Every structure is written in structure tokens, then in C-alpha cells.
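Inspection log for the structure reproduced underneath, given as C-alpha cells.
The values are calculated or read from the model by the stated rules, or taken from the named source; none is laboratory data. Here the structure is a predicted model, which is why all the values come from computation and not from measurement. Cβ coordinates were reconstructed from backbone atoms using ideal geometry, including for glycine residues, and neighbour counts include every protein chain displayed.
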Amino acid sequence: MTTPYLAADIGRDEGLRLHAYPDPDTGAEPWTIGYGCTGADIGPGLVWTLAQAQAALTPLGFEVATHVSPRLGHSIDEAGLRQGEAFLRRVLG
């Protein structure tokens, strides 16, 4: 589901950071890296390559789609790739 268009939009809206950084409000968790990825394995000192950040977009997109598509009444894939991208940009951005 992730295409160069979605990656560019998320990169523009979320920003790309290859060094993990703490939440600005708490100064601690959740730690974030890449295009806004968080998780138990992300913390101080973690550094990603651009390839790792880009690879994380696909599971992130499918995770969001998995939680949201039942509320839509159909699979995001059925809505078409461009509609799915627009939807994910709204959810993630």
C-alpha cells in the first residue's frame, strides 16, 4: 500500500528523523524515529538508515488500515490505491 507518493507526503508532514528522539511533551516515552514510528524497541541511542525508515512505512500503513477498514465497511485495497493513500495521509498526518 505504501508508494513513493505516500512516503513523500508522510515525510513532508511528519518529517524524517534517523536518530530516535523523545516525545516533546514528556521528554521521554514514547520515543520516535523515522517517519513518526514508535514502539517498545525504539529508545535512546537508536539510529536508523533511510532504508529502515522507508521500510517501516509499509507495516505502519497496513497497521492503520487493519484497524480502520472494519469501520469503513470494506478493505482499503478495494477503495483503490490512491484513495487508500489519501485516507492514510489523513490518519497519519
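Among the residues of segment 19-44, those identified as among the small types (Gly, Ala, Ser), out of contact with any strand residue (DSSP E or B) (no Cβ under 7 Å at 6 or more places or on another chain) and farther than 18 Å from Leu57 by Cβ are Gly27, Ala28, Ala40. Among the candidates Leu88, Leu57, Leu50, the residue that is touching a helix residue (DSSP H, G or I) at 6+ places or on another chain (Cβ under 8 Å) and either modelled with pLDDT of 65 or more or surrounded by fewer than 18 Cβ atoms within 10 Å (Cβ to Cβ) (or both) is uniquely Leu57. Report whether or not Pro44 is loosely packed, with under 12 Cβ neighbours inside 10 Å, modelled with pLDDT of 90 or more and not in a strand (DSSP E or B). Yes.
Contact map, segment 28-50: residues that are of a type in the set (A, V, I, L, M) paired with residues that are assigned to a loop (DSSP other than H, G, I, E, B), Cβ distance under 7 Å, separation 6+ or inter-chain. Pairs shown: Ala28/Pro22; Ile33/Ile42; Ile33/Leu46; Ile33/Trp48; Ile42/Trp31.
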